[in-house]
1. Among D:Asn155, A:Thr96, C:Leu53, whose Cα projects farthest towards the positive end of the dipole of the protein assembly as shown, with charges put on the beta-carbon of Lys, Arg (+1) and Asp, Glu (-1)?
2. Considering the alpha-carbon set of the protein assembly as shown alone, what are its Rg and its Dmax in angstrom?
3. Under the classification rounded if a/c is under 1.5, otherwise prolate if a/b is larger than b/c and oblate if not, where does chain A fall, given a ≥ b ≥ c as square roots of the Cα gyration tensor eigenvalues?
4. Once you put a point 7 Å from the Cα of C:Trp576 and another 7 Å from the Cα of D:Asn61, both along the Cβ direction, what distance in nm separates them?
5. Springs between alpha-carbon pairs under 10 angstrom, Gaussian network model over chain D: which of D:Gly274, D:Gly255, D:Gly113 fluctuates most?
6. In whole percent, what relative contact order does chain A give with Cα contacts below 8 Å and a gap of six or more residues?
7. At a Förster radius of 51 Å, what calculated FRET efficiency corresponds to the Cβ-Cβ distance of C:His127 and D:Val246, to the nearest 0.05?
8. Need the list of lysines near C:Lys403 for cross-linking: C-alpha distance under 18 angstrom, and skip anything on the same chain fewer than eight residues off.
Amino acid sequence: MTPLATPLAGYLLVAALLFAIGLAGALTRRNAIMVLIGIELMLNAANLNLIAFWRFGPHPEALTGMMFAIFSIAVAAAEAAVGLGLVIAIYRHTNTTELDKINRMKG
Amino acid sequence: MNAVFYILAALTLAGGLATVLLKHLVHCALAVTVAFAGLALLFLQLDAQFAGFAQILVYIGAVAILIVFAILLTRGSELPKGGVFSSTWLVGLAIAAGVFAVLGWAVLQSVRAVPQQNAVPVVTVHDIGNALMGRYVLPLEIVALLLTAATIGAVIVAMHEKERQP
Amino acid sequence: MQGAISFHPDSALSAIAQILWLIPAAPIVASGLIAMLKQPRRKAAATLAIGSLAFSLLLSLIAFGHVLSGWAHGAVVREVVNFTWFHFGSAHVDLGWVLDPLAAIMLVMVSFVGLLIFIYSVGYMAHDENFTRFFCFMSLFAGAMLGVVISNSLLLLFMFWEIVGLTSYLLIGFWYQKPSAAAAAKKAFITTRVGDIFFFLGIVWLFSQTGTLVLYKGGGGAIEPAALARLLSQHAGLGLSAAGAIGLLIFAGAVGKSGQLPLHVWLPDAMEGPTPVSALIHAATMVAAGVFLVTRMYPLMQIGAHPGGTTVALTVVTWVGASTAVFAALIAVAQNDIKRILAYSTISQLGYMMAGLGLGGVAVGMFHLITHAFFKSLLFLGAGSVIHGCHEEQDIRRMGGLKVDMPLTFITYAFGMLALCGFPLFFSGFWSKDGILEAAQHWDVSKAPLVMLVVGALLTAFYMTRQVCYVFFGYWRGQKVAHESPKVMTLPLVILAFFAMALGLIGTPAWPWFHAFLENRGVKFNLHGFAEPGLGLLMLASSLVVFLGLGIGWWLYGNKSPEPEEPDALEKSAPWLWAGLRDRLYVDELYGVTVIAFYAWWARVADWLDRRVWGGIVAAVAWLFGLWAQLNRLLDVYWVDGGFDKTCEELSSSGGLLARVESGRVQNYLRILAAAVVALAAVLLWSSRP
Amino acid sequence: MAVSLDQIFILLRDWFVGFLPAALRPAAGVLLGVIAIVCVFPGLFALTTVFERKGLGRIQNRIGPNRVGPFGLFQPIADGIKSLTKEDVVPLSANAAVHFLAPLVLVVAVFMGFAVLPMGRNMVLVDMDAGLLFFFAMGAATELSVFMAGWSSRNKYSLLGAMRAVAQMISYEIVLLLSAVSVVMISGSLSLPKIVDAQNQYSHGLPHWYIFTPWGLAGFLMYAIAATAETNRSPFDLPEGESELVAGYHTEYSGFKFALFFLGEYLAMFSISGLGTTLFLGGWSAPFSFLTWVPSWIWFFGKMMLSIFVFIWMRGTLPRLRQDQLMNFAWKFVLPFTLLNLVVTALWRFMGEGWARWVVCTVILAAAYILTGWLEMRRKHIGPRSYRYAE
């Protein structure tokens, strides 16, 4: 069968690809902020999954997937705030945001 | 599978790729914004109006701005000396590829099994509000607490600490 | 259902019932604001506290008027507002408030007395540096107490109940720099906890049985016939129905709060707090909370009683109350601290209320509660004024002759004292106490309570006379000369004195307005109320008892003012009895040798376990290892060759290999994580593929 | 007659669309609406510029533009021609792509906002279920464009201006949202037409606008403050404080792009005052029941222009704040009071009909405001202003 026979599969594949891209970014970039951005991308891919499952799932009126997505958006916002705050704090300590220069616990 | 979906998917993925590949951090931030916008449009395409707008409001309105601020505050706006990719980028790429392979395989394996309904679900904001206030009220409260804690925490973490003399 | 907090304002509700919640809300908000004020902002603090409580009083009066008018039109006024707090699973917890005669009366009483005490403490605490903190706590307390009064859900009541406990702890320990105060605060808190645990058990049990904690809910409430019938049908063993058992548990909470036997020990020590606190908490309101609780839950206690009969719960209430009344009165005879005497008399009066509830029902007990609230707070405030005037002297043996120095205080104090003794006809105490005695007279289970209560009345008259003689008659035995208190302190005294007299008139047998109001029946004035069989005799008897007590007191202590050193008049005649009474019948000592001793012993056991057993084991292990080390050393000495070093190298190198993973680089960890995820997912999929 | 006058635009649209094949009609209808918006508001913008310049002139005892055309009414045309014909300078080190994109993003995002505003009875482009959310989402997008402009033009002034603008917009956007939330709580809907309908009813000839309730009044004040800050208008116009940083984030823009920024700012002003009108001032509903015959869109635009005039007035009157004052004001004064307002609104919602809720809500709000003012007075933070005139 063709991969995109069903709409759900299309969305899931896009989400998977986006997830992989985000992961690659988080794994390969040096800058801490870029890692955070990659993580945000991964979260978003997950959200896309949730929404897609909600839309094509058997019980859309239960709103479960939607709620999950909304909550995870909120949580992602919090995560971004704290993460970036940490990055800034680290930058104050060791004048760099290059991850492979930051490998000691005590600054 | 209509054209709109393909266009939006292409937009989103292009934004994601640009985010990962571009050298300049600010460009990356802008590219990721494009990806966010594409995702929001995909949500709309999936008849999830509320989630889509929330996505725009939170990600483009707040997270993107946060990222940009962080970049400027850490002098990330000028290019680093050694390249932007870490020394062992190949491994990372391989692992990411592996993840995608597994996920894709899983999707193609299991998507047939999922029962699907293609009727457009009618979900008004009112329903969402009721669900949030009724069935999901506890999660809502917890998320509210979490956000408060995160705000305070972020402020405290990023605050200037006293210059202590060694 | 809309929202977790679904609110159904019933259009039939009157506006006052809808905004009833403002009555407790105002003082609580005020205390929050005061807490934010800075220490020197005294005026603002006092203004906030008094203003908010005045606002509450206003609303309370409106509510009272509303209920009154409803009653005058012969309607049973009970307006409830319930709302759902939260759901779990299928069950849901409701909160709410109720406006009925009971609540209305208590509201007026609490807010009125509280207001007077606030005004008084402006003068009393004038020199204290923590003025603002004091008013913060006080208004928090008042708000919580008002909350207890109006709450229609046992859970809500319990919450406010606990806030009341907390604030009383804070206020008793207000001068926490005094170790005695800190200790007293702790004692009060812990002792009341004991009762509260039972109370909470009762609540839980009630919820498990009826599935709701709302008291009144248009038939669906926990103490409305339907639920009560179900409770009655359940058997809890010991010949008790579930209703009776739950009632007893809840009564245990009341015992703790209003210092009944055997949990009364905290109340006298609580006198370490500032005097207004003693007046507000330990005379007017908090201790009354226990009685009020029993009154609230009265249907639960009463259910299953065949007409004219009684139930196990009520019998227990009666006995506890009566014995407390005598017991505390006995102790009060031999105290020398002006406030301790009042404290014990409070305990015994609370005993009267409990007995009244058990014997004669809601109205009798509540009537004594109300009158007592007024004259006892009057007495406390008077005592405070005396202490204030005598420069913080609390020992009555070092006072005397104050009727000259502090005339106003003396007169008002005398009024309160006579009311407490139950001086015939003119004072409220007489009528309320008579109601209880009459109920005891008609109680067909046993006549012992009647005897106990009469003896209690005698003792009451006696020790109050003793105190007054010591304080106000004779000549001055203190060091510095005493002075009358400022207007702001005496004014409340006068007002309270008036009520201490007048209140009796609403509860005479001729015109039992109060009882009728509480029990929602009509009332009209007829002198035949006195003609009930035995009533006249009883009144005569109790009057005689009172006169007897006064007489003995005067005879023993009259105008002769003994030196502080010389022994008490009673002590001379019966030293052994005196010693027992002075040492508070050794209850504290009893607890000391039982409960506390047990804990001390247990602590010692634990300590011993730690030191000997565990410590010993550790020492033994250490010794073994030491031995092993010695062995190793020998091995080293005799086995030093390349092999050993080689092993070490191997180990270190392998350690290095392992450490390579722990490079401290975030991305490595992330990488490993991702790889692991891949592996896991692959395995799962492979195993579960169709 | 009145009805047809009221619905004239709708009728016109339907009449025109009538000529098309049925398949195209919905799309064409929407397209017409878009065209109308895209034409009307820039026109309004042109008028407003001259309006503002003359108004400021009057406030400052000047005459203002009076050369081009009658009363200088054609001034905007001249300005337009000038800005179109000017050379488009792009700094050498600028980041060309972003520099070019910024104004477009701004204008597009702002135009999107108009899509959900009901400008008259049935006169809304798309009646979304979550219209309010959409509006704010679009508003959020503008911040990014501002940042793009400031960062891409590689200029300290621009960057500082951009950072200021973004910080300020974010801080005040929260207030904007929260004050709108109180309206949502009462009207129980996020769709703007529904909100207007909720206010479009009269008792004793007076309308049920939300501004005529305690919480509504307080909320409207907060909304007005936040809106002024959100559109970078004086007294919150630090991002383009000429005295400190030349023209803020659009220092490096010239010619048509600059004109786009200018347009964007004014459009933002229109849309935000339109939203304010919709939320608190009853949208297109008439102020008195006997005036309902006047076409609804006249009321909407009238109210909108009135608030625009207030903007201009404030700009002519108030001095500019300092950055720290701005932030403190946002986080320590406006935000707490908006939250308090939410609580009061909840009270209002739950207490049900009756005089009680009026008393309670009014007392709480008044007490809070008066107490704060009193404390500030005592701490000498604020006080009666003292003027000194030159002899």
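1. Final value for the positive-end residue is D:Asn155.
2. 39.9, 121
3. It comes out oblate by the Cα gyration axes.
4. In this crude spin-label approximation the distance works out to 10.7 nm.
5. Sorting by GNM fluctuation, first place goes to D:Gly255.
6. After rounding, I find 25 percent.
7. 0.20
8. C:Lys480, C:Lys487, C:Lys560
No value in this document is a laboratory result; all are computed from the given coordinates. Just so you know, these numbers come straight off a predicted model, no measurement behind them. Virtual Cβ from ideal backbone geometry, glycine too; neighbours counted across all protein chains shown.
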